[in-house]
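K.L.:
Have a look at this one before I ask anything.
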Amino acid sequence: MAYLNDKAFSEILKTVSIYPISSEKIGDVSRFSFQSKNGKEYEEFLEREAKNLDKLAISKTFLVIHNKTDELIAYFTLSADTVKLTQDERNDSDLANVKFQSLPAIKIGKLAVNKKLSKEVARKGYGSFVLDIANTYAYEVLKAGVACRFLTVDADIEYSQTTPDFYAKMDLKGIKHVNKNPLTKQ
């Protein structure tokens, strides 16, 4: 399921590039002006921890950069995860007979949108766009031959009362099935 409609997703995709934090094109992340509504922890994570965790293969950080203005619009981290479903959740899905205790997932560990964007770049939809891209990456892992059934989110709801509403609006109820690649609309 895509979070943005096809047109909105395509419009954003035309205006941005997504780079791993280790890319030479990124260089020193402190060159970007970045303020997160999620607080200083997210700004400090990007500047102090993200590259090291990437190097250690703990989490991979990706930056969404506006092509024209070179502004850092958002960043997100992905890592391997597992999910344990209740019996009711298993019964409500096609997993009732699966005997594994833990099921494979990809986790969005951090997701932050820059609240300090120029008027040219500022618009709504970047958070949803990042969720679509994370789902795409999870789908690509699955397509490459590594099991990945779910997309999970480690949401820091203490930073914003609207965070749970955002994920609910995106139809994320704690567990999201990895089911398609929004880039190819499969």
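The values are calculated or read from the model by the stated rules, or taken from the named source; none is laboratory data. As the structure is a prediction and not an experimental result, all values here were calculated from the model. These accessible areas exclude ligands, DNA and RNA; they are computed on the full protein's heavy atoms, side chains included. Shrake-Rupley method; radii C 1.70, N 1.55, O 1.52, S 1.80 Å.
K.L.:
Which value, in Å to one decimal place, does the Kirkwood hydrodynamic radius take for the range 1-70 when every pair of different Cα atoms is included?
P.N.:
About 13.6 Å for the range 1-70.
K.L.:
OK, next. Glu49: accessible area at probe 1.4 Å, nearest 10 Å²?
P.N.:
Near enough 90 Å² of accessible area.
K.L.:
Round to a whole number: what % of the accessible area of the range 48-129 belongs to carbon and sulfur, probe 1.4 Å?
P.N.:
In the range 48-129, the share of accessible area belonging to carbon and sulfur is 50 percent.
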